[in-house]
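Accompanying notes for the structure given below.
The values are calculated or read from the model by the stated rules, or taken from the named source; none is laboratory data. Since the model is a prediction, treat every value here as computed from it, not as a measurement. Here the Cβ positions follow ideal geometry from the backbone for every residue, glycine too, while neighbour counts run over all protein chains shown. Accessible surface areas use protein heavy atoms only, side chains included; no ligands, DNA or RNA. Shrake-Rupley method; radii C 1.70, N 1.55, O 1.52, S 1.80 Å.
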Amino acid sequence: MNDILPPESARWEWLEDKVRTLMARYAYRNIRTPIVEPTALFVRGLGAVTDIVEKEMYSFDDRQSGEPLTLRPEATAGVVRAVAEHSLLYDGGKRLYYMGPMFRHERPQRARYRQFHQVGAEALGFPGPELDAELILLAHALWRELGLRAVRLELNSLGEPHERLAHRAALSAYLKQHAELLDEQARRRLDSNPLRILDTKNPAMQAMVEAAPRLIDFLGRESLAHLHAVQAILDANGVAWTINPRLVRGMDYYNLTVFEFVTDQLGAQGTICGGGRYDYLIGQMGGKPAPAVGWALGMERVLELLDAQATAWPCLVPDVYAVIPCASVLPLALATLERLRQHGLAVQMHAAPAGEQGMGSMKFQFKKADASGARYALVFGEDERARGMVSVKALRDGAGTQVEHALDTLAQWAGTLQSPR
């Protein structure tokens, strides 16, 4: 787990602002669920035979009640629990999004921490392929807003339960014929969840997995029509896609459309966003059965990919730095700075340095003003105060132009700066 400190935190704020703006544009509304949930929620929602449940969850017993609790490893289960618990779908479908930390006990690696952060979008109560496509278009629009390149979309369909059963029987028979090639994890999943074996990263198993029966060949007319409708909408919007018949995702709750946005610029951990349809999860979690589809993206991976593309990050600097030669002018200076802030300017006030007598020399203060990145320095000297004036020095025009403004006209001057905040 890691700290996120300034100035790096400004990158996170920038990304979060982009997400919030785009979600509003698509009419998705924010939902915030607890970081801690009952362990049974994730076992029931994600599937007992998944890497997350078997070995990655941070679980513990509550000291007072003894209830098994878990730090959320993903957010969809919590969102579905909240939707069912509060009957959010009583008046129709809902489009929701979330941002926040998740927790998985796995080996830390590039852009992958034990506390990591996700953005997710969920559309609940809508059965049609147009929502699958809308969510893919939403993610694609985010890449465009961020300026992300070298991201490609992979699609697959997991069909419906009866189609998966037929495929599972064929897959199990095939895998048992090649049992000598299975690693320990695959042998453990052979009877409980053979579909997940197709998601193996073991190089020694790749050729065998590639030749395994494909689920897409077991899909019936309706499942194929759903997939083709998603593809048609993507085509109409100029979004390129490829079919990856081995794409299964890591949780048990998916059906029909599944998808991932992947890149080759982050090494083995190339998935930056993934999701799909989960029409049976709400009923499975105790709510009234309703269809749903969603995705989640890893914020650390998106930020690292932006770094790899040499993205120019925003630099948060004040508009004004207040130079205060002596403490006697502090009441007047702070009252003036508050008025400037009320007009939308970002203002940094010089403060007395530790271990020094007084406010520090003018030379020292101007050095601090320049280092702050502010466009202007406001000088609140005793002479200026006596005349009801303040000196304004331009720090970024190359000439260091300095003029005086009357204190009662400073608000008008502030209005000309057009601060972006």
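For the stretch 288-400, would you read off the P(r) tail past 19 Å as a percentage of all alpha carbon pairs?
58
Suppose R0 equals 25 Å. What FRET efficiency, 1/(1 + (r/R0)^6) with r the Cβ-Cβ distance, do Q402 and Q357 give to the nearest 0.05?
The pair Q402/Q357 has a calculated efficiency of 0.40.
Given a 1.4 Å probe and every protein chain left where it sits, what share in percent of the accessible area of the chain is carbon and sulfur?
Using a 1.4 Å probe with all protein chains present, the chain comes out at 53 percent carbon and sulfur.
Any chance you could give the angle, 0 to 90 degrees and rounded to 10, that helix 299-308 forms with the longest Cα principal axis of the chain?
Approximately 70 degrees, to the nearest ten.
Please report, largest first and rounded to whole Å, the three semi-axes of the ellipsoid equivalent to the stretch 1-140, where each semi-axis is the square root of five times an eigenvalue of the C-alpha gyration tensor.
Computed over the stretch 1-140, the values are 26, 23, 14 Å.
Rank-order 198-211, 161-174, 313-326 by packing density, defined as the average count of other C-beta atoms within 10 Å over each peptide's residues, highest first.
Peptide ranking by packing, descending: 313-326, 161-174, 198-211.
Would you mind computing, in nm to one decimal, how far apart the modelled labels at E382 and A327 are, each placed 7 Å from Cα along Cα→Cβ?
Distance between the two pseudo-spin positions: 1.4 nm.
Which one of I35, W14, L153 has its Cα pushed farthest toward the positive end of the charge dipole of the chain, where Lys and Arg give +1 and Asp and Glu give -1 at the Cβ?
Projecting each Cα onto the dipole axis, the largest value belongs to W14.
When only C-alpha pairs under 8 Å and at least 6 residues apart count, what is the relative contact order of the chain, in percent?
Value for the chain: 15 percent.
Please state, rounded to one decimal and in Å, the Kirkwood hydrodynamic radius that the stretch 279-351 gives when every pair of distinct Cα atoms enters the mean of 1/r.
Kirkwood hydrodynamic radius for the stretch 279-351: 17.7 Å.
Across every pair of different alpha-carbon atoms, what Kirkwood hydrodynamic radius in Å does the chain reach?
With all distinct Cα pairs of the chain included, I get 25.2 Å.
Starting with the highest mean, order 55-62, 284-291 by the number of other Cβ atoms within 10 Å, averaged over the residues of each peptide.
Ranking the peptides 55-62, 284-291 by packing returns 284-291, 55-62.
Which semi-axes, in whole Å and largest first, does the equivalent ellipsoid of the stretch 200-272 have when worked out from the alpha carbon gyration tensor as the square roots of 5 times its eigenvalues?
23, 19, 11
Can you compute the modelled spin-label distance between Q185 and Q206, with each label point 7 Å from Cα toward Cβ, in nm?
1.5
Tilt of helix 330-342 relative to the longest C-alpha principal axis of the chain, in degrees (0 to 90, nearest 10)?
It is inclined by approximately 40 degrees.
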